[in-house]
Amino acid sequence: MTAHFKPESISLDQLKIGARASIASIDWDALEESEACRLKHFGFDEGVVVEPLHLGPFGRDPLAIRVGRMTVAIRRSHARAVRVNIPA
Amino acid sequence: MTPLPLVAVAGSPNAGKSALFNALTGARQKVGNYPGVTVERHSGRLTLADGRPVELVDLPGAYSLDPASPDEAVTRDVLLGKQKGERAPDALVIVVDASNLDNHLRFALQLIELGLPTIVALNMVDLAKRDGLQLDPKRLEAELGVPVIETVAVRKRGIQELQAALDDMISAPRCGVHEHAPSDLIPLQRRARDIAKAAVVSESPVRRWTHRLDGVLLHPIAGPAILAAVLFVMFQAVFAWSEVPVSWIESGIALIAQGAADVLPHGLLRSLIVDGVIGGVGAVVVFLPQILILFFFILLLEASGYMVRAAFLMDKLMHGAGLSGRAFIPLLSSFACAVPGIMATRTIDNPKDRLTTILVAPLMTCSARLPVYTLIIAAFIPDRTVGLGVGLQGLVMFGLYVTGVGGALLAALTLRRTVTKGGGGAFMMELPKYQMPQLKDVVIGLYQRALIFLKRAGTIILGTTVLLWALASFPQAKPGESQIEASIAGKISSGIEVLVKPIGFNRDISLALLPAMAAREVAVSAIGTVYSIDAGDDQSANVALEDRLRGRWSLATALAFLAWFVFAPQCISTIAVTRRETNGWKWPAFMVGYLFALAYIAAGATYWTAVALGL
C-alpha cells in the first residue's frame, strides 16, 4: 500500500478555533497591495504563530485571529491567502 | 516671526497616542484639516520648563511609513516634510504600547531611522504589568539608541519626565532628516520581534481580560444580542434625552425671536433678523443635543474598544451591500439624523467605503421625515386594521422605512460597482484591548465635534437659511396677494411646478419644496402657510391641515409625495455636512443629483401606478 499523501499545510480559514499553527507561506500576490501591506503591518510572516479566536456570527465570517500579541479581524477570503503548517 | 519648534507625536493605532497627546497639551487643542484630504490635523501647545513654547501635532495612527490608508499617507508625508501646509517636524515622540512591542517597534524602528531627535514613550506599562509582562526600559533604550520613557498617559504618569526629555532634545543641535527609502517590512518586523524579546524580562501567562470579554461579546448568539441591547439604549437616549434640551432651545429661540420682534420696527429688517438670522441660528443649534448625545456614545464605544467588535459582528451583513462593518453604526445613527451619522463615518478608514456610506446615509429615514409622513398618512390612509391587529397606517409607515433601507442597500451596491468602485474595501482591523474610557478624552472629543459642526456646517446652514428667507421675501407682496406666491421663491416654484407636474405634484407641493430644503419638517408648515391657516395650537392646525389636504390632493398625489420624501435630499444641513466631510462640492453635488433623480422616479412611478389602479 502506498503511503497516503498528506498535505503539509492548510489555509488559515480552515484552522480550528483555538488551534495554534505557524504560518507556512503567504500568497502575497492573491491580495491587493494595500491589503498585503496591512497584513504585514499586523505582523503576518512565515514562522509566526497564529490562532483563530472567534468567528463572525453570520456565515462564520470574518475571523478574529491572534497573531503575536495582537488580535486582528480579517475576512475569510483574505485568510485563504495564508497557509499554515498543520498543528501536530 | 519664526514658527514654534514642531514636535510630531507618532505611533501605531491603539498605542494610546491621543491620550498621551491630551495629557501633554490639555484641552488647548486646535483641530483643522490637512489641505486637499479629509484627514484631521490635531495640534496643541506645550510650554517647556524654561518657558519656551513648542507646537505638538498628533499624527494619525500608522503601522508603518508604507501607507495602506490616506491617514497613514499624511503621517508619512508630515514626517518626511513633504505634507502641504505643514512644516517639517523638529523632533519626534514615538508612542508604543508596552504590551505590544513586537508589532509597534517596527514603526518605531522606521521612524528612528529618519534621524530626527526622537523619544520613545513606552505607554500603558500598567496594562503590560497586568498582563504579566515585565519589561526592561534600559535594555530597550540601548537596543533602539534613543531615550525611552515609561508612561501611563491616562494616569498622567511619566508625563513630566517626557516633558523634561523633550526639553533636552529641543535644546540639542540637530541634523537633517534622512531620506526614507521604502523599506522591506518583513526584515524590519523580524528585527522588531528580536528587540521586543530582548526587552522582556519575564512573562507569566495570565488569562487576559480582553480574551474573556471577547468570549461573551463576540459569541455568535450572545454577541449580536448584546449589540442590539447596546444600540437600543443608545437610540432611546438619542431620542429621549434630546427631547428636553431641544424644546429648551426651541423655546429659547422663540423667546429671542419674540424679543427681537418686539424691539424692531415692523419691516424688512425685522423680518431678516427674526426669520432669517435667528431662525437660521436656531436651525443650526437645534441639532446640537442629538449630535452631542450620539457622539457621547460613539466616543465611549470607540474608547472602550467595543466599536471594532460591533463592526466585527456586522461585517458580513454590511459586506453584502458592498460596505464594511464599520459603516453599520453611522448608518444606524442616520435614522436619528443624517448629520451626526455622516460625521460618524470618520471611523471608516477605507476612503471608498466611507464615501459610499456618506452617499447613502440620507436614505435612512431620519426623524425629520416623521412629521411629513405622519401628516400625509393621517390625511390619506384610512385608520383601519388589515387583520391580526396590524393597522394600515402603521404598515404604510413601516413600508416607508423599509423602502428607505432597501433603497440605501441598492444604492450602496450600485455605487460600489460604479462611482466608488475599487479601493480594496477590505475589512482588516485590529481588535484592541478593552479599556475604561477616560472622561477627559470623551469631553475633549465631544467639544471638538460640537465646534466642527457649529463652525463648518453651521455657517453653511445659516447662510442658506438667510438665502431662503431672501428668496421668500422678495419682491414684497402687494396687499391681498400671498407673499410666497409673489416672491422669487414663488416664481422658482412655478418653474418647479412644470417639472413636477408629470409626477402628480400640484402647486401646493411645488411651493413647499423650496422652503423644505431648510429642513424636511418645514414642508408641513410651508403647506400650512400656503393655506394661510392660523390656528391656536399645533394640534388643531394639523387637523385642519389634514382636512384641507384631503380636499385638494388626490390619493395618488399624496402617495407620490410620500415616495418623494423617502429619497429626496431635502435638507441643507445634510448637504453642508457632506461638503465638510468630503472636502469639496463634488460629492454633495453628486449626492443631491442622484437622490433627486431617485425621488423623481419613485414619485412618478408611484403616481402613475396609483392612477392606473384607479386610486
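The numbers here are math on the coordinates, done by the rules we state, and not lab data. Because the structure is a prediction, the values reported are computed rather than measured. A quick note on method: Cβ atoms are made from the backbone with ideal geometry, for glycine too, and the neighbour counts reach across all protein chains shown.
Overview of results
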item	result
Sequence of B:LYS17, B:LYS433, B:LYS316, B:LYS421 once ranked by neighbouring C-beta atoms within 10 Å, starting from the fewest	B:LYS421, B:LYS316, B:LYS433, B:LYS17
Reachable aspartates and glutamates, given that their alpha-carbon falls under 15 Å from the alpha-carbon of B:LYS586 and they are not under 8 places away in the same chain	none
Whichever aspartates and glutamates have a C-alpha closer than 14 Å to that of A:LYS16, once near sequence neighbours (fewer than 8 apart) are set aside	A:GLU51, A:ASP61
Overall form of the range A:9-85 per C-alpha gyration tensor (a/c, 1.5; a/b vs b/c)	rounded
For B:ASP136, net neighbour charge (Lys/Arg +1, Asp/Glu -1) across residues whose Cβ lies under 14 Å away	0
Those lysines that a straight Cα-Cα span of less than 21 Å connects to B:LYS491, excepting residues fewer than 8 apart in one chain	B:LYS478, B:LYS501
Whole-number percent relative contact order across chain B, with pairs defined as alpha carbons under 8 Å at least 6 apart	11 percent
Residues B:TRP587, B:TRP608, B:TRP248 arranged by fewest to most Cβ contacts within 10 Å	B:TRP248, B:TRP608, B:TRP587
Under 13 Å, Cβ to Cβ, from B:THR574 - net charge with Lys/Arg +1 and Asp/Glu -1	+3
Shape of the protein assembly as shown, Cα gyration tensor, a/c cut at 1.5	prolate
Pairs from B:LYS17/B:LYS421; B:LYS129/B:LYS197; B:LYS138/B:LYS197; B:LYS82/B:LYS138 whose Cα-Cα separation, in the structure shown, is over 22 Å	B:LYS17/B:LYS421; B:LYS82/B:LYS138
0 to 90° range, to nearest 10: angle between helix B:369-380 axis and chain B longest Cα axis	30 degrees
Least to most buried among A:GLU35, B:GLU497 (fewest other Cβ within 10 Å first)	B:GLU497, A:GLU35
Selected from A:ILE23, A:HIS78, A:ALA64, residue furthest toward positive end of dipole (the range A:9-85; charges at beta carbon)	A:ALA64
Other protein chain Cβ atoms within 10 Å, averaged over every residue that makes up B:187-197	2
Dipole in debye (nearest 20) - the range A:9-85, about Cα centre, beta carbon charges: Lys, Arg +1; Asp, Glu -1	380 debye
Value at 222 nm in deg cm²/dmol, rounded to 500, when DSSP H runs of n ≥ 4 in chain B each add -39,500 (n - 2.57)	-18500 deg cm²/dmol
Cα gyration tensor shape for the range B:77-232, rounded if a/c is under 1.5, else prolate or oblate	prolate
The range A:1-73: chymotrypsin sites (Phe, Trp or Tyr not before Pro) falling in loop per DSSP and having at most 12 other Cβ within 10 Å	A:PHE5
Sites matching chymotrypsin sites (Phe, Trp or Tyr not before Pro) across the range B:340-404 that sit in DSSP coil, with at most 10 neighbouring C-beta atoms within 10 Å	none
